[in-house]
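Here is the structure we will look at, set down as structure tokens.
The values are calculated or read from the model by the stated rules, or taken from the named source; none is laboratory data. Treat the numbers as computed from the prediction; the structure is a model and nothing was measured. Neighbour counts are summed over all protein chains in view; Cβ atoms, including those assigned to glycine, are modelled from backbone coordinates with ideal geometry. What goes into the accessible areas is simple: the full protein's heavy atoms, side chains included, and nothing from ligands, DNA or RNA. Shrake-Rupley method; radii C 1.70, N 1.55, O 1.52, S 1.80 Å.
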Amino acid sequence: FLCSTRESTMFWNKKTDPNPLGVPLGDLMALLEPTTIKASMKGRTLLARHEHYTIRIEVAPPEVADTEMGPIKAVVRMITDLPEPIETMFHAREAETAAALNSLAGLGGLYQEDRKVHIGSRLTIYEREAAWRT
């Protein structure tokens, strides 16, 4: 579920679509509006900023469209930077901390990119699924 810097740049150059590949990011943004989370969209990416963290939700076309499970409609990546106090703890004992935290992860995991630690999750949406109203 990692994306390269070049791929991230491509997301920011895309025209904003409230329902990229059928994923209703615009609806999610509207749900966040009355909260303390500040959301913005650019291209196929929604950024949700809280006082202590930011989550990036990216919608991407599949790298391989047809699989043995059926055609893939979209891939959704949710990436959160670790808050600084937790990241400091992580860097102090990287291998032990990553192993311990990832052993507790059910739908995501820790990874490091450019010395920054993130929590990442990935969701594959198949054509046959009615994941959201489209």
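Tally the residues that are under 17 Å from residue 131 (Cβ atoms) and assigned to a loop (DSSP other than H, G, I, E, B), restricting the search to the stretch 56-79.
Matching residues across the stretch 56-79 total 4.
Right, residue 21: open to solvent by 30 Å² or more (accessible area, probe 1.4 Å), at pLDDT 85 or above and among the hydrophobic types (A, V, I, L, M, F, W, C) or not?
For residue 21, the condition - open to solvent by 30 Å² or more (accessible area, probe 1.4 Å), at pLDDT 85 or above and among the hydrophobic types (A, V, I, L, M, F, W, C) - is met.
Provide a single number: the residues in the stretch 29-55 that are in a strand (DSSP E or B), over 23 Å from residue 129 (Cβ atoms) and of a type outside the set (A, V, I, L, M, F, W, C).
5
Return yes or no: is residue 95 open to solvent by less than 60 Å² (accessible area, probe 1.4 Å) and at pLDDT below 85?
Against the criterion (open to solvent by less than 60 Å² (accessible area, probe 1.4 Å) and at pLDDT below 85), residue 95 does not qualify.
Show the residue pairs meeting these rules: Cβ distance below 7 Å; 6+ apart or different chains; first residue within the stretch 115-131 and farther than 14 Å from residue 80 by Cα; second residue open to solvent by 30 Å² or more (accessible area, probe 1.4 Å) and in a loop (DSSP other than H, G, I, E, B).
125/131; 126/69
Restricted to the stretch 64-79, and to residues that are at pLDDT below 90 and under 19 Å from residue 44 (Cβ atoms), which residue is most open to solvent (accessible area, probe 1.4 Å)?
Step by step, filter the stretch 64-79, then rank; the result is 64.
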